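Asks: Please read through the structure below; I'll follow up with questions.
Nothing in this text is a laboratory measurement; each read-out follows from the coordinates by a stated rule. It should be emphasised that the depicted structure is a prediction, and the values quoted were computed from it without experimental measurement. Counting neighbours? That spans all protein chains shown, and the Cβs are built from the backbone with ideal geometry, glycine included.
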């Protein structure tokens, strides 16, 4: 090939790589966690004046979260092959070999955490803690043993927002912890509604969930209680961040919506409402992050 | 399910229209109703907040959510709280009695969802929606035409008329006495809500200027 000419196969090859590896990072989940990290940073540094730091935060967090997700996919490939909703993922179908996924997961995790540590030691340590809690404590150690593993999953889910805020401030403060707690208590609303929806799948794969251990009704009550706590911590954080009255009102309306939906789902449960709560919880978290970043 | 006709499937256009309505409602909650006084602001925030949440839920769950018996109650909160806001803002001497009317209307509509015959349900809806709807429709028009508020504030009245139409269509459909077919109502509902929201936005922004 002469210099200056582009290989016509190149875009096709790129598309094929994307098709093969992109599903491994669960882009929606990774995207939402990345947004919480950015929101944590912007909650302490708004308006953002140092673009290189913002870009480094985005890059390092994206790599660390993606790496952790790929490693989860690698470790849980046997479960994914049993579960109806996940059996078409690249690892169970054989599109990606386990060795490839492990190498990719380790490589981008190391890159992400390494970049984070170079950027700021406190930020890097929190990012590493998130990856450690998610991969080792939640996935490898507890996920197949106890339904309470979700607590550790929640803690790791709260790490990006805490890391982002710590990077902005240079230290950990109570607002960062409250923000992380709001994510921690939001996660059951998100994950447990998902567990209820795919309960047969989880039972078939022998993954313990609150729904299988304590029953669906109790799980719905836990979801409602968790939503209350999530909105309390989100409210506390917004007070700490100094949200203006206008943004606070929008947050209050969305929190009210989440609470009513969770309570109604506990009192008068239905599959449809359960799905609505799952989706609304995602919208709530995304909107809350946009509001505290503003 | 009170109405046996199958609900129309929600389309992409419906979702876009509802999303625009939701974003405009969020804007109104946050920034469109500032410096109007505590009770008017809370009342308007409740009305627009319910619109925001309702729009999001229809986007997520489709029109099937309108089969819920709570729709009549939710559809009542909007005109009741909006009319309470207008009375609190412009006719403060009437606030006490009107607040009692709003509270009683809401309670009666809520209770008659679970007890009582069809007749009492219809009467409760007609009184609650009728009076609050007339206030949202007439007060902004009267104030604008008498020069007490900017002319554009009359758009709130137009929005009030539209919400009255939408609320009545939904309520009577839920009562099993539909004015239009369910499909027709669901086809026009997202557009109606968006136009109504634009009218409210234009009307209230006139007060801010």
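Asks: Given an 8 Å cut-off on Cα distances and at least 6 residues of separation, report the relative contact order of region A:158-241 as a percent. Don't skip to the answer; put the middle values down first.
Replies: Numbers: 77 pairs, mean separation 30.8, N = 84.
So the answer I get is 37 percent.
Asks: Please arrange A:74, A:186 by how many other C-beta atoms lie within 10 Å of their C-beta, fewest to most. Display every interim value, and only then the final one.
Replies: Details: A:74 22, A:186 27.
Ascending number of Cβ neighbours within 10 Å: A:74, A:186.
Asks: Here's something else I'd like to know. Relative contact order (percent) for region B:129-209, with alpha-carbon contacts under 8 angstrom and 6 or more residues of separation? Display every interim value, and only then the final one.
Replies: On the way: 91 pairs, mean separation 29.3, N = 81.
Relative contact order, region B:129-209: 36 percent.
Asks: Sticking with this structure for a sec: Per residue, how much space in cubic angstrom lies within the convex hull of the C-alpha atoms of region A:136-294?
Replies: Roughly 97 Å³ of hull volume per residue.
Asks: Additional query: Testing the spin-label approximation: label points 7 Å from Cα along Cα→Cβ at residue A:95 and residue B:181. State their distance in nm.
Replies: It is 4.3 nm.
Asks: Taking the beta-carbon count within 10 Å as an exposure proxy, list A:85, A:77 from fewest neighbours to most.
Replies: On the way: A:85 12, A:77 17.
Fewest-to-most ranking of A:85, A:77: A:85, A:77.
Asks: Before anything else, pin down the relative contact order of region A:135-294: Cα pairs under 8 Å, at least 6 apart, normalised by residue count, whole percent. Provide the component values of the computation, followed by the final result.
Replies: Numbers: 179 pairs, mean separation 39.6, N = 160.
Reported as a whole number, the value is 25 percent.
Asks: Using Cα atoms only, what is the angle between the long axis of helix B:71-90 and the major principal axis of chain B, expressed in degrees (0 to 90) to the nearest 10?
Replies: 10 degrees
Asks: Per residue of B:28-35, count partner chain C-beta atoms within 10 Å of its C-beta, then hand back the mean as an integer. Each step should come with its number before you reach the end.
Replies: Numbers: counts 2, 8, 11, 6, 1, 2, 3, 0.
Shielding by partners across B:28-35 averages 4.
Asks: Here is a further query. What shape does chain A have by the C-alpha gyration tensor, where a ≥ b ≥ c are the square roots of the eigenvalues, rounded means a/c under 1.5, and otherwise prolate means a/b greater than b/c and oblate the rest? Don't jump to the answer; show the numbers that get you there.
Replies: Details: a/c = 1.77, a/b = 1.11, b/c = 1.59.
It is oblate, given that a/c is not under 1.5 and a/b is not larger than b/c.
Asks: Can I ask one more? Of A:87, B:121, how do they rank once you tally other Cβ atoms within 10 Å and put the fewest first? Let's see the in-between values first.
Replies: Numbers: A:87 14, B:121 21.
With the sparsest Cβ surroundings first, the list reads A:87, B:121.
Asks: Averaged over its residues, how many other protein chain Cβ atoms are within 10 Å of peptide B:52-61's Cβ atoms?
Replies: Numbers: counts 5, 8, 1, 0, 9, 6, 0, 3, 10, 6.
If you average over the peptide's residues, the count of other-chain Cβ atoms is 5.
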